Amino acid sequence: MAYNPFSLEGKTILITGASSGIGRGIAVECSKIGAKLVISGRNEKRLQDTLSQLQGEGHLALQADLSTQEGVDALVEQCPPINGFVPCAGIPKMQSVKHINRKDLEEIVWINQEVPIILTTELLKKKKLQKKSSIVFIASLSGIFVANMGESIYSTTKAAISGFAKGAALELAAQGTRVNTICPGLVPTSILEMSNEMFSEDQLMESTKGKYPLRRLGKPEDMAYAAIYLLSDASDWVTGINMKVDGGYSLL
Amino acid sequence: MTLDEFVARFAEEFDETPEEEFKAETVFKDLDEWGSLTALSIISMVDEEYDKRITGADLRSVSTIEELYNLVESK
Ligand SMILES: NC(=O)c1ccc[n+]([C@@H]2O[C@H](COP(=O)([O-])OP(=O)(O)OC[C@H]3O[C@@H](n4cnc5c(N)ncnc54)[C@H](OP(=O)(O)O)[C@@H]3O)[C@@H](O)[C@H]2O)c1
């Protein structure tokens, strides 16, 4: 057998937000390195697209709208026992501090912050998360390492997740479960369209040159390779970290 | 919202530029205070007042406040 300390053979991994962008990228790469996937997304068609891109057999797609408690409960109910959990569903919202309103605040905090926390708790309570599991939150550079114009609420939720990850890492170490975050730099996905298209193609190319020492924007695969490391036994002694994957953006 | 009201509401998003500098025909991108923060504020203001979403590309496609008003009204 070929030497591969990053193999996910024998592990079942639940990924939310797997119907698009980074979550889809993580699901596809994890399947290539041997994992069984339980993928979840809101849009059935896009979720099926991801399912069709997965390698190997035995994967499961669970459609769930996580904007309601019922949707969250249904996902936990249907989820089989897992060894890895990557809550990747998230929404942006560009808004200046002066224009924050309670409705938007509650919506973003719910999806980006409360749902990942509630899912973690419920998966533990219902004994879906096996001993020696790995949880990988998809946080952001925003709020943890940098600030960007218009992202104050978004940053709040990502910093909160990073805080939760540390607390959970400490408690869950008793059962050998590790908890870490990945903090991505800019990855062009549908999330950018939703954030009011503040960036034009030109601006993106400009930012690539100027702001990213490694001279390109991120790809879902960049996040997937980091996730594979954190999900695999190769990171058996790694817990409570924020792993920047940002092409050097935060160095400048 | 009338054009005059829109111009007044647009002006409120600026902290440094005096109110009298804002006219329907003002080329807002030439204002010293125009930048990513004011652009963001205008997008948020339109969202708040009209419940309509304009994009950075929309802002780039017009030059005067009146043109922006027409664009927002037509959405
Ligand atoms: N792209 C970046 O530059 C970047 C940078 C830093 C961090 N991140 C983080 O990475 C994560 C993934 O973002 P992405 O860039 O891959 O964005 P994306 O392509 O827009 O994907 C977002 C995912 O979240 C799911 N989702 C959103 N609301 C949902 C809801 N109410 N119920 C269930 N699923 C829901 C979407 O499902 P449907 O498509 O099925 O609706 C989709 O699968 C987010 O947490 C984001 O904050 C992204």
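General observations
- Candidate aspartates and glutamates - alpha carbon under 17 Å from A:Lys45, same-chain residues fewer than 8 apart omitted: A:Asp65
- With contributions of -39500 (n - 2.57) from each DSSP H run of at least four residues, the per-residue ellipticity at 222 nm computed over chain B stands at -16000 deg cm²/dmol.
- Taking the DSSP beta bridges with both ends in the protein assembly as shown, the antiparallel portion is around 5 percent.
- Overall form of the stretch B:3-74 per C-alpha gyration tensor (a/c, 1.5; a/b vs b/c): rounded
- The amide H of A:Arg178, built 1.01 Å from its N in the peptide plane, has A:Ser133, A:Ser134, A:Ile135 as neighbours under 5 Å, considering only residues 5 or more places off or on other chains.
- The percentage of C-alpha pairs in the protein assembly as shown whose separation is greater than 35 Å is 28%.
- Phi to ³J(HN,Hα) by Karplus 6.51 cos²θ - 1.76 cosθ + 1.60 over the stretch A:141-149, Hz, x for Gly, Pro: 5, 4, x, 9, 10, 9, 10, 10, 3
- Most mobile of A:Glu221, A:Glu106, A:Glu151 in a GNM of chain A (Cα contacts under 10 Å): A:Glu106
- Based on Cα contacts under 8 Å between residues 6+ apart, chain A shows a relative contact order of 22 percent.
- Pairwise centroid distance, computed over Cα atoms, of the stretch B:44-75 with the stretch A:12-29, Å: 35 Å
- Fewest-first ranking of A:Lys166, A:Lys127, using other Cβ atoms within 10 Å as the exposure measure: A:Lys127, A:Lys166
- Based on the convex hull around the alpha carbon atoms, the stretch A:16-112 presents an average projected area of 6.8 nm².
- Phi-derived couplings, Karplus 6.51 cos²θ - 1.76 cosθ + 1.60 at θ = phi - 60°, listed residue by residue for the stretch B:3-18: 4, 4, 5, 4, 4, 5, 5, 4, 4, 4, 6, 9, 9, 9, 6, x Hz, with x used for Gly and Pro.
- If you run the Gaussian network model on chain A, springs between alpha carbon atoms under 10 Å, then out of A:Ala165, A:Ala174, A:Ala234 the most flexible one is A:Ala174.
- Of A:Val115, A:Pro92, A:Pro81, farthest towards positive along the dipole that unit charges on Lys, Arg, Asp, Glu beta carbons give the stretch A:43-154: A:Pro81
- Pairs beyond 29 Å (Cα-Cα), from B:Lys29/B:Lys52; A:Lys103/A:Lys132; A:Lys11/A:Lys93; A:Lys103/A:Lys128; A:Lys103/A:Lys244; A:Lys166/A:Lys219: A:Lys103/A:Lys132; A:Lys11/A:Lys93; A:Lys103/A:Lys128; A:Lys103/A:Lys244
- Sorting A:Thr156, A:Thr16, A:Thr239 by the number of Cβ atoms found within 10 Å of their own Cβ, with the fewest placed first, yields A:Thr156, A:Thr239, A:Thr16.
- Normalised contact order of the stretch A:139-192, rounded percent, pairs of Cα under 8 Å and 6 or more residues apart: 37 percent
- As a proxy for reagent exposure, ranking B:Thr64, A:Thr181, B:Thr2 by other Cβ atoms within 10 Å from fewest up yields B:Thr2, B:Thr64, A:Thr181.
- Relative contact order, percent, chain B [alpha-carbon distance under 8 Å, six or more residues apart]: 35 percent
Bear in mind that the values in this text are calculations on the coordinates, not laboratory data. Everything numeric in this text was worked out from a predicted model, so none of it was measured. Cβ atoms come from the backbone with ideal geometry, glycine included; neighbour counts cover every protein chain shown.
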